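Everything on this sheet refers to the single structure shown next.
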Amino acid sequence: MKGSRCLHQLTSLRLLSHAGRPLPAAAAGDNGALFRLHSSSQPGGLQCPQREVLRHFHSSPACTKSQPARFVQEEDKTRDKSLVAHDDLFEQVAKEAKTKATFNKVIDVYTKRDIRRRGHVEFIYAALKKMPEFGVEKDLTVYNKLLDVFPKEVFVPQNFIQTMFNHYPRQQECGVQLLEQMENYGIMPNIETKVLLVQIFGEKAHPMRKYQRIMYWFPKFKHLNPFPIPEQLPEDPVDLARFSLTRMANDWDAKVTVYQLPCTDITESGAEVTLPHIVGIQSPSQMEALAKHNPCRPVFVEGPFPLWMRKTCVYYYVLRADPAPPEEKIEEPYDPERCFMYPLQLDLDLDRDLGDDESFDVEDLDEGPVFAMCMTSQGDQATLNQWISGLQQSNPILGQIPTLFRLGAGPRELRGVGDTDSASGSWFSSHVHKEEAHPGEEAEAAVEEEPRRSQGVKQ
């Protein structure tokens with residue numbers, strides 16, 4: 001202990017001898033030594049000032065200037081800029097046309113630009129958003145090529161703890177999002193997708209579990225619909241109308257009739273007029289029901305009603321009648337040979353208990369018969385009159401039955417916003433003007449509504 005104390009005193013004396021010399025500023029800054037004066041007690045009662053050297057710590061200049069809040073803001077800005085940069089990359093490469101070739105070219109440009117694939121998560125999110133614009137949202141090879149953007153064997157967990165605590169959650173979430181977009185568009189993965197997922201995330205990661213669920217459920221629901229819709233719908237409006245009406249009629253004996261093909265006609269004044277297509281369908285049972293209809297009761301042309309065929313929306317119109325009153329209903333005798341697959345009527349004499357209820361609570365809603373259906377690209381009253389005239393050739397009773405048009409807002413009113421606003425504004429102003437001019441004629445206005453509704457009657 002005495003030797004170490006003497007060595008410490010000698011070191012202190014050496015520092016005191018150098019204390020009178022001024023140190024250069026650079027040397028003082030480089031060494032960073034800190035001194036502290038203290039008084040040490042001697043056995044003789046003397047006190048002498050000494051300097052104790054504190055431990056030197058090397059620190060980077062960036063640590064003294066670090067501000068966590070500013071770094072968080074800068075990180076958010078760089079993330080937004082990276083997404084904008086990836087969107088700009090798609091726009092720059094696909095200036096001429098947005099096709100599958102240009103989309104693959106963007107992926108090749110990104111993969112060759114940086115071997116370490118920096119910002120690959122943002123790039124994949126931007127690519128998933130741009131896929132519908134390029135028309136590749138249903139292409140399996142493009143999805144596999146996007147999966148190939150992930151670095152291989154980097155995000156694979158090495159032990160069960162990493163697997164349990166969601167190893168690299170941001171990358172796994174991106175992979176699950178890619179598989180969910182495939183699921184939304186009905187794209188079934190293949191063996192190449194599985195190999196890529198195993199190489200990127202391993203066999204126990206969330207994207208691999210998502211892949212297993214898709215492969216379990218997709219084959220079960222692929223052919224579940226007994227009336228499937230083809231992937232490619234007809235582009236011709238007449239063929240599309242024929243396919244849609246046949247699908248709705250659900251009757252093998254129904255006959256599709258094309259009353260008018262789309263064409264361009266020139267009037268006497270020299271103006272060109274585009275004539276719409278008119279396609280109708282009617283079955284023999286509907287013709288028979290229309291022939292038995294009471295001529296005193298009118299029939300109605302109603303529509304348009306939307307029908308979605310995948311992403312295409314078409315509109316149809318129906319010729320129907322109100323339900324017959326109870327006194328006009330005639331119960332036809334049951335034909336046992338009408339259906340051989342299952343019985344249409346059961347007469348079972350079964351023993352019933354005292355607690356059995358013989359009455360059935362069945363809500364029977366009679367909406368009235370439907371006599372025919374049609375599709376047209378212009379659903380105004382003049383066009384539908386041509387359809388009724390064509391139906392009258394095969395259904396002569398229509399000449400004796402009044403026809404009323406109940407047409408709602410649909411594709412026939414597709415016009416400019418300015419025209420609609422001006423028309424509604426003029427109607428509103430004239431209506432308000434009439435009310436101000438004649439405030440006491442509300443009863444007469446109510447009486448005059450009936451002739452206005454009957455203007456669309458075709459005798």
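The values are calculated or read from the model by the stated rules, or taken from the named source; none is laboratory data. No experiment lies behind these values; they were computed from the predicted model shown. Heads up, the Cβs are rebuilt from the backbone with ideal geometry, glycines too, and the neighbour counts pull from every protein chain shown. Calculation scope for accessible area: heavy atoms of the full protein, side chains included, ligands and nucleic acids excluded. Shrake-Rupley method; radii C 1.70, N 1.55, O 1.52, S 1.80 Å.
Worth pointing out:
- Point-charge dipole on Cβ atoms (K/R +1, D/E -1) for the stretch 86-222, about Cα centre, debye to 20: 280 debye
- Of the GluC sites (Glu not before Pro) found in the stretch 247-314, those that fall in a DSSP loop while having at most 12 other beta-carbon atoms within 10 Å are 268.
- Charge dipole (the stretch 230-328, unit charges on Cβ, about Cα centre) - positive-most of 303, 238, 270: 303
- When you filter the chymotrypsin sites (Phe, Trp or Tyr not before Pro) in the stretch 213-279 for DSSP loop state and at most 15 other Cβ atoms inside 10 Å of their Cβ, you are left with 252.
- Taking N as its residue count, the alpha carbon Rg of the stretch 86-222 over 2.2 N^0.38 Å: 1.06
- Approximate spin-label separation residue 100-residue 246, in nm, with each point projected 7 Å along Cα-to-Cβ: 2.8 nm
- The GluC sites (Glu not before Pro) of the stretch 129-161 that DSSP puts in a loop, and whose beta carbon has at most 13 other beta carbons within 10 Å, are 153.
- Ordered by solvent-accessible area of protein heavy atoms (1.4 Å probe), largest first, the residues 167, 223 come out as 223, 167.
- Normalised per residue, the accessible area of the stretch 86-222 is 56 Å², obtained with a 1.4 Å probe and no contribution from ligands, DNA or RNA.
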